[in-house]
Amino acid sequence: MIAGLAEYIARTIVVAALVYAGILALTHWLVRQKRLSPFGAWPRFVRRIGDPVLVPLERRVVRRGGMPQDAPLWLLGIVVVGGLLLISLVRWVIDLGYGIAALSHAGPRVWLLQLVSAVFWALRLALIIRVIGSWLGASPFARWMRPVVAMTDWILEPLRRVLPPFGPLDLSPLVAWFLLWIAEQGLVLALQ
């Protein structure tokens, strides 16, 4: 009951934020296309409810070299991605609660299997974060990347020394993912 309510609340928040961002983006687009007067009642109302969110976002967009009129579209994209992440996080927390409740009646072997799976899940997540961070130009020395680098260097560095170069492609994370999957399956089979 509580799980369903939490998921319903998260979805409602995401839909409300999506409607808000959609109205802001559509109104700004209509004003830029000169289909709405910027001095009309509706655009002024939208500007009044949107400026507390859009003005700081416009500043960030301009600082990063973008155009300020693109801020409503950025807001829409942030709401979509953030909403998907929020719903996924709520769903994950609910599933985690059910999993812990199920584990409370399980024996030590099941606990050990879950611990092994959690460790390998964390390593694969660190690989994903490291790859996406490298695509976005994140420094491996950044404060938020240091734990990720520490969790993945032990497997990536030896692979990079062994794998031949493939031009600009670094296949070591893909090979590391595959090796981690094989190791997890082997450990799970050994523990069963």
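Taken together, the values in this text are just the output of simple stated rules run on the coordinates, not laboratory data. This one's a predicted model, so the numbers in the text were calculated from it and none came from an experiment. So basically every Cβ, Gly included, is an ideal-geometry build from the backbone, and we count neighbours across all protein chains shown.
For this structure, a couple of remarks:
- Computed on the stretch 19-93, the Cα convex hull volume stands at 98 Å³ per residue.
- Dipole magnitude of the chain, debye to nearest 20 (Cβ charges: Lys/Arg +1, Asp/Glu -1, about Cα centre): 820
- Ordering Leu174, Val53, Ile128 by Cα displacement along the dipole of the chain toward the positive end leaves Val53 in first place; charges were set at the Cβ atoms of Lys, Arg (+1) and Asp, Glu (-1).
- Neighbour-limited loop hits for trypsin sites (Lys or Arg not before Pro), the stretch 42-94 (at most 16 other Cβ within 10 Å; DSSP other than H, G, I, E, B): Arg64
- Restricting the chymotrypsin sites (Phe, Trp or Tyr not before Pro) of the stretch 122-192 to loop positions (DSSP other than H, G, I, E, B) with no more than 14 neighbouring Cβ atoms within 10 Å leaves Phe141, Trp144.
- Cα-Cα pairs of the stretch 79-192 separated by more than 22 Å (percent): 50
- Backbone HN-Hα couplings from phi across the stretch 102-109 [Karplus 6.51/-1.76/1.60, Hz, Gly and Pro as x]: 5, 5, 5, 9, 9, x, x, 5
- On full extension, the segment bounded by Arg63 and Gln114 gains 13.8 nm, given 0.36 nm per residue less the C-alpha separation.
- Rg and Dmax over the alpha-carbon atoms of the chain stand at 23.3, 71 Å.
- Candidates per chymotrypsin sites (Phe, Trp or Tyr not before Pro) in the stretch 3-60, loop by DSSP, up to 16 other Cβ within 10 Å: Phe39
- For the stretch 25-65: rounded, prolate or oblate by the Cα gyration tensor [a/c cutoff 1.5]: oblate
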